[in-house]
Every structure is written in structure tokens, then in C-alpha cells.
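So the structure is just underneath, and the comments pick up after that.
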Amino acid sequence: MTIHAANFRELRLDRLSRDFGTHNALKDVSLTIRKGEFIALLGPSGCGKSTTLNLIAGLLPATGGGIWLDDKRIDPLRPEERGFGMVFQNYALFPHMNVRRNIGFGLKMRGLPKAEIDKRVDEAVALVRLQSQVDKLPGQLSGGQQQRVAIARAIVVEPPLVLMDEPLSNLDAKLRLEMRAEIRRIHNTLGATTIYVTHDQEEALSLADRIVVLRDGQMRQVGTPEELFSQPDHLDVAEFMGFRNVVAGQVSAADASMAEVTVGSASIRGRSRGPVAAGRAGHVAIRPEDLHPLAPGETGLQATIISTEFRGREFVGFARMQDGTDLSFLAHDKLDPGATVTLGAAPDRVLVFGGAA
């Protein structure tokens with residue numbers, strides 16, 4: 001295969017910022033991305049992840065800081081001068097061009113010889129497995145096929161970076177799973193460097209070498225999927241990584257590894273995250289899949305059942321505590337709405353954070 005990712009050592013964001021009037025969409029973001037990495041920018045809507053991608057692409061000017069590709073500062077350059085590949089959420093294909101012409105458009109604009117264009121397009125088509133679709137227009141393709149065309153168009157120009165902005169959000173659940181595997185396969189085959197924006201923690205966990213969690217325009221944590229999944233540094237990062245049950249209480253005991261929080265009449269033990277001090281406010285965070293009904297006589301979180309949903313091998317339950325805190329949990333049996341339930345989790349599956357939420 002002659003298509004390959006352009007060579008470089010690293011992309012460096014140095015205190016990168018973007019203001020919209022008085023609104024700070026991005027604040028002093030510094031990050032080094034190495035060649036060959038797959039980086040996911042993860043966070044809720046409005047956190048700054050798409051703004052970061054657009055600044056890297058050159059679609060937005062920075063209002064502070066700089067972007068460096070190895071020793072060259074690139075933030076003053078126009079998008080076409082940076083030479084990055086971009087895959088958009090809405091595909092952005094030319095509706096009047098067939099698959100082959102869409103993929104080869106960037107090469108044609110660069111003035112490459114027709115023989116070189118044809119060779120590279122053939123390789124890109126084979127890489128995204130669309131050999132039987134090359135003469136079709138975008139409107140004749142499925143959503144997944146259109147996304148493959150968009151990926152092929154981005155990689156055929158051999159960019160140093162491939163930038164992807166929520167590329168799977170318009171696909172159904174089955175196609176999303178298939179395309180996740182395809183995107184990672186293509187990344188590995190090319191030795192590419194990919195920056196991928198998503199609000200879906202499962203996508204980030206399954207695709208990325210490192211995940212950058214953003215909130216309110218600031219980086220909250222950077223780490224491998226394994227690190228962020230099991231060791232979030234902040235309560236908001238934990239919530240975004242699936243610890244959706246968050247309950248306030250009073251820390252009754254704490255050391256560097258474990259802490260105990262009193263919630264009502266129950267004491268909940270879990271792993272300490274960050275500064276946790278006895279006698280101060282604290283929060284326990286638990287994933288729904290780790291929270292379950294306890295046997296009679298065991299102490300835990302007291303709640304009233306709102307509903308249960310059958311999910312195949314088990315039930316997902318929804319309950320509400322007396323203070324209004326909602327809980328999600330798993331159960332082997334259906335529970336009646338209005339019934340009282342005591343819920344708990346193994347201490348090593350519980351996180352304890354100090355301070356207010």
C-alpha cells in the first residue's frame with residue numbers, strides 16, 4: 001500500500017484559548033499528541049471539544065496560545081495550508097459526484113497526475129471496502145457507506161492528522177458499532193494520527209489510546225481509557241465515565257486509599273479519590289451496574305422503587321431516595337413501584353469524593 005500518514009513527531013497545543021465575546025469557549029488548553037496516537041476529546045455539549053478541533057483544523061482562529069506541528073507554528077496558517085484530513089458529522093459529500101470523484105477531489109485540487117490520483121483512490125476505496133460502490137452517487141448510499149466515503153476522502157491526501165467531529169452520531173446503533181471497528185482498523189493500517197470528538201464515553205473507551213475530558217472549556221483529565229474508567233480524578237469526570245449514581249453525605253472516616261461516608265442511617269465505603277477528610281462533606285459515586293438490592297438486614301441506601309425495565313438477563317431499576325436523589329441499579333427480579341428497597345455496592349466499586357458536587 002502506498003497511501004500512508006504524513007510523517008511528524010508531535011502536535012502541541014500551547015495554552016490554546018478561544019473567546020466568543022465574553023464567553024470563554026476554551027481556556028488555556030495545553031496538550032501534546034504523538035504521531036500514531038488516537039486521541040478522543042470527550043465531554044458534554046458546550047464543553048469545548050468541537051471548538052478545540054476547529055482550532056486545530058483552522059476553521060476558527062485562536063484568541064490565545066498557539067498550535068505547533070513539530071517545530072513549526074501552524075495556527076496562523078489557513079486550513080488548506082495545514083493539510084489535515086477532516087471527517088464531519090454530516091459527511092459533507094458532493095451530491096453530484098460519484099464515490100470515486102468525491103474521494104479524489106482533494107488530490108485533483110492539488111494538481112496530482114491522473115494516474116497517481118487513480119492509484120490512490122483505488123487504494124482508499126479498497127481500504128474502506130467500497131469497491132462495488134465507486135460509480136454511485138452519495139444519495140444512493142447508506143449512511144454507513146457515505147461515512148466510509150468521507151473517511152476515504154480524508155485519508156487519501158495522506159494528512160499528518162485526521163480530525164473527526166462526531167462522525168457516527170447520525171448512524172443507528174448497529175452501524176455505529178461496525179464503524180467504530182472500521183475507524184480503528186483504518187487508523188492502525190495507515191499508522192495515522194487521529195483526533196476524534198465525541199460525547200459518547202463508550203466510543204471514547206473503545207477507540208482511543210488516550211482520552212481528554214473537557215468541561216466548560218477546560219481540560220479536566222487526560223489518561224488512557226483504563227485510567228479514566230477506573231480512576232477518575234474529579235466527580236464530574238466520574239459522572240461522565242458512567243458513575244451516574246451520586247449521593248451526598250458526611251465523611252466519617254478516610255485515609256489515602258479508602259473512605260466511609262454516612263448517608264442517612266447507612267455507612268457506605270469506597271475508594272478515596274482526591275482530598276477526602278473525615279468530618280467534611282463528601283459524595284459517593286456508583287455505576288448502575290454495580291448497585292444492586294441487598295438482602296434483608298443489610299444496611300445501604302434506602303430508596304423507593306419508581307420503575308423497573310426488563311433488559312434480557314436482568315432488570316434495570318430506577319428508585320428515588322427520600323432527599324430526592326435518583327438512583328439506577330440492576331436487579332435479578334422485577335420490583336413493584338412504590339416498594340422500598342435497600343441498595344448497595346462492593347467497596348472497590350464505589351468512589352468517594354470530598355467537598356460539594
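The values are calculated or read from the model by the stated rules, or taken from the named source; none is laboratory data. Given the structure is predicted, the values throughout are model-derived calculations rather than measurements. Here Cβ is always computed from backbone atoms with ideal geometry, including for glycine, and neighbour counts include all displayed protein chains. All accessible areas refer to the heavy atoms of the entire protein, side chains included, with ligands and DNA or RNA removed. Shrake-Rupley method; radii C 1.70, N 1.55, O 1.52, S 1.80 Å.
Scanning the stretch 267-289 for residues that are free of Cβ contacts under 8 Å to residues at least 60 places away in the same chain and of a type in the set (Gly, Ala, Ser) yields Ser267, Ala278, Gly279. Going through (1) acidic (Asp, Glu); (2) in a helix (DSSP H, G or I); (3) touching a residue at least 12 places away in the same chain (Cβ under 8 Å) one by one, Asp135 falls short only on (2).
Restricting attention to the stretch 280-307, the residues that are open to solvent by less than 50 Å² (accessible area, probe 1.4 Å) and of a type outside the set (Gly, Ala, Ser) total 11.
Output the residue which, of all residues in the stretch 46-79 that are farther than 24 Å from Glu239 by Cβ and polar (S, T, N, Q), is surrounded by the fewest Cβ atoms within 10 Å (Cβ to Cβ). Spell out how you get there, then give the answer.
So the first thing to find is which residues in the stretch 46-79 are farther than 24 Å from Glu239 by Cβ, and the list is 54-79.
Next cut, polar (S, T, N, Q) only: 54, 63.
On the way: Asn54: 20, Thr63: 14.
So, considering only residues that are farther than 24 Å from Glu239 by Cβ and polar (S, T, N, Q), the one surrounded by the fewest Cβ atoms within 10 Å (Cβ to Cβ) is Thr63.
Residue check: Ala124 meets all listed conditions (1) closer than 22 Å to His187 by Cα; (2) of a type in the set (Gly, Ala, Ser); (3) in a loop (DSSP other than H, G, I, E, B) but one, namely (3).
Between Leu330, Leu335, Leu343, Leu351, the distinction of being in a loop (DSSP other than H, G, I, E, B) and of a type in the set (A, V, I, L, M, F, W, C) belongs to Leu335 only. Within the stretch 158-176, the set of residues being modelled with pLDDT under 90 and more than 19 Å from Glu203 (Cα to Cα) comprises Glu158 only. Please tell me if Leu190 is of a type outside the set (Asp, Glu) and under 23 Å from Ile67 (Cβ atoms). Yes, satisfied. Here the condition is being more than 24 Å from Leu161 (Cα to Cα), of a type in the set (Gly, Ala, Ser) and open to solvent by less than 20 Å² (accessible area, probe 1.4 Å); of Ala238, Ala173, Ala204, Ala208, it holds for Ala238 alone.
Here's a check for you: in the stretch 80-110, which residue that is assigned to a loop (DSSP other than H, G, I, E, B) and touching a strand residue (DSSP E or B) at 6+ places or on another chain (Cβ under 7 Å) is modelled with the lowest pLDDT? It comes out as Gln89.
Summed over the stretch 310-321, the residues that are open to solvent by 80 Å² or more (accessible area, probe 1.4 Å) and modelled with pLDDT of 95 or more give a count of 1. Quick one: in the stretch 13-45, of everything that is open to solvent by less than 70 Å² (accessible area, probe 1.4 Å) and of a type in the set (Gly, Ala, Ser), which residue is farthest from Leu190 (Cα to Cα)? Among those residues, the one meeting the criterion is Ala25. In the set (1) of a type in the set (Gly, Ala, Ser); (2) over 23 Å from Ala192 (Cβ atoms); (3) surrounded by 14 or more Cβ atoms within 10 Å (Cβ to Cβ), the condition left unmet by Gly139 is number (3). Restricted to the stretch 258-272, and to residues there that are at pLDDT below 95 and either open to solvent by 20 Å² or more (accessible area, probe 1.4 Å) or in contact with a Phe, Trp or Tyr (Cβ under 7 Å, 6 or more places away or on another chain) (or both), the residue that is nearest to Asp323 (Cα to Cα) is Gly264. From the residues in the stretch 176-192 that are more than 16 Å from the chain's Cα centre (by Cα) and surrounded by fewer than 16 Cβ atoms within 10 Å (Cβ to Cβ), which one is farthest from Arg34 (Cα to Cα)? So the residue we want is Glu178. Of the residues making up the stretch 151-175, those that are in a helix (DSSP H, G or I) and either farther than 23 Å from Phe94 by Cα or among the small types (Gly, Ala, Ser) (or both) are Ala152, Ala154, Ala173, Lys174.
Scan the stretch 337-357 for residues that are farther than 18 Å from Phe243 by Cα and either at pLDDT below 95 or open to solvent by less than 50 Å² (accessible area, probe 1.4 Å) (or both) and the total you get is 3. Residues of the stretch 200-236 that are among the basic types (Lys, Arg) and in contact with a strand residue (DSSP E or B) (Cβ under 6 Å, 6 or more places away or on another chain): Arg210, Arg220.
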